[in-house]
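The structure appears below as C-alpha coordinates.
The values are calculated or read from the model by the stated rules, or taken from the named source; none is laboratory data. Since we're looking at a predicted model, the values are computed, not measured. Heads up: the accessible areas ignore ligands, DNA and RNA and are worked out on the full protein's heavy atoms, side chains in. Shrake-Rupley method; radii C 1.70, N 1.55, O 1.52, S 1.80 Å.
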Amino acid sequence: MGFKDLVARLDDVLREHDKGKSLKRKELKRLQQELEKKQAKYRDQLKSDSSEETPAQIEVRLRVVEAQLAKLRDLMEEASL
(Lines give C-alpha, C1' and ligand atoms only; values in the text may rest on other atoms or scores of the structure.)
Protein backbone atom coordinates (compact mmCIF):
# COMPACT_ATOMS: atom_id res chain seq x y z
CA MET A 1 0.00 0.00 0.00
CA GLY A 2 1.39 3.39 -0.97
CA PHE A 3 2.13 6.15 1.53
CA LYS A 4 -0.80 8.36 0.52
CA ASP A 5 -3.23 5.44 0.39
CA LEU A 6 -2.13 4.26 3.81
CA VAL A 7 -2.52 7.68 5.41
CA ALA A 8 -5.90 8.18 3.71
CA ARG A 9 -7.14 4.77 4.87
CA LEU A 10 -6.29 5.51 8.49
CA ASP A 11 -8.01 8.88 8.21
CA ASP A 12 -11.10 7.08 6.89
CA VAL A 13 -11.02 4.68 9.85
CA LEU A 14 -10.74 7.58 12.28
CA ARG A 15 -13.61 9.39 10.59
CA GLU A 16 -15.78 6.26 10.77
CA HIS A 17 -14.92 5.87 14.46
CA ASP A 18 -15.88 9.49 15.12
CA LYS A 19 -19.26 8.78 13.52
CA GLY A 20 -19.80 5.96 15.99
CA LYS A 21 -19.13 3.01 13.73
CA SER A 22 -17.52 -0.06 15.27
CA LEU A 23 -13.89 -0.82 14.62
CA LYS A 24 -12.69 -4.02 13.03
CA ARG A 25 -9.72 -5.48 14.87
CA LYS A 26 -8.42 -7.28 11.78
CA GLU A 27 -8.35 -4.10 9.71
CA LEU A 28 -6.68 -2.09 12.47
CA LYS A 29 -3.99 -4.75 12.88
CA ARG A 30 -3.38 -4.75 9.12
CA LEU A 31 -3.03 -0.96 9.12
CA GLN A 32 -0.65 -1.17 12.05
CA GLN A 33 1.52 -3.69 10.21
CA GLU A 34 1.57 -1.56 7.07
CA LEU A 35 2.52 1.55 9.04
CA GLU A 36 5.28 -0.32 10.83
CA LYS A 37 6.65 -1.54 7.47
CA LYS A 38 6.67 2.03 6.16
CA GLN A 39 8.36 3.23 9.33
CA ALA A 40 11.14 0.65 8.94
CA LYS A 41 11.49 1.45 5.23
CA TYR A 42 11.91 5.18 5.84
CA ARG A 43 14.39 4.62 8.66
CA ASP A 44 16.44 2.37 6.37
CA GLN A 45 16.31 4.97 3.59
CA LEU A 46 17.61 7.65 5.95
CA LYS A 47 20.57 5.45 6.85
CA SER A 48 21.42 4.33 3.32
CA ASP A 49 21.37 7.52 1.19
CA SER A 50 20.28 5.41 -1.79
CA SER A 51 16.83 6.92 -2.11
CA GLU A 52 15.71 9.19 -4.94
CA GLU A 53 14.06 11.41 -2.32
CA THR A 54 15.95 13.91 -0.21
CA PRO A 55 16.57 13.14 3.45
CA ALA A 56 14.18 15.98 4.37
CA GLN A 57 11.36 14.38 2.36
CA ILE A 58 11.99 11.01 3.98
CA GLU A 59 12.04 12.57 7.45
CA VAL A 60 8.67 14.23 6.83
CA ARG A 61 7.17 10.93 5.69
CA LEU A 62 8.67 9.17 8.70
CA ARG A 63 7.19 11.74 11.09
CA VAL A 64 3.77 11.39 9.45
CA VAL A 65 3.91 7.58 9.70
CA GLU A 66 4.98 7.78 13.35
CA ALA A 67 2.13 10.19 14.13
CA GLN A 68 -0.34 7.89 12.35
CA LEU A 69 0.97 4.91 14.33
CA ALA A 70 0.49 6.82 17.57
CA LYS A 71 -3.10 7.70 16.59
CA LEU A 72 -3.81 4.10 15.67
CA ARG A 73 -2.39 2.76 18.92
CA ASP A 74 -4.45 5.26 20.92
CA LEU A 75 -7.55 4.24 19.00
CA MET A 76 -6.87 0.55 19.58
CA GLU A 77 -6.27 1.17 23.29
CA GLU A 78 -9.45 3.22 23.56
CA ALA A 79 -11.41 0.45 21.89
CA SER A 80 -9.59 -2.18 23.97
CA LEU A 81 -8.55 -4.13 20.91
(request) Please work out whether segment 1-41 counts as rounded, prolate or oblate from its C-alpha gyration tensor, where a ≥ b ≥ c are the square roots of the eigenvalues and a/c under 1.5 means rounded, while otherwise a/b larger than b/c means prolate and anything else oblate? (result) oblate
(request) For the chain, with all protein chains present and a 1.4 Å probe, just round the carbon and sulfur fraction of the accessible area to a whole percent. (result) 46
(request) Could you go through segment 47-63 in sequence order and give the Karplus-derived ³J(HN,Hα) for each residue, using 6.51 cos²θ - 1.76 cosθ + 1.60 with θ = phi - 60°, rounded to whole Hz, and x for Gly and Pro? (result) 6, 8, 6, 9, 7, 6, 8, 6, x, 5, 5, 5, 4, 5, 4, 4, 4
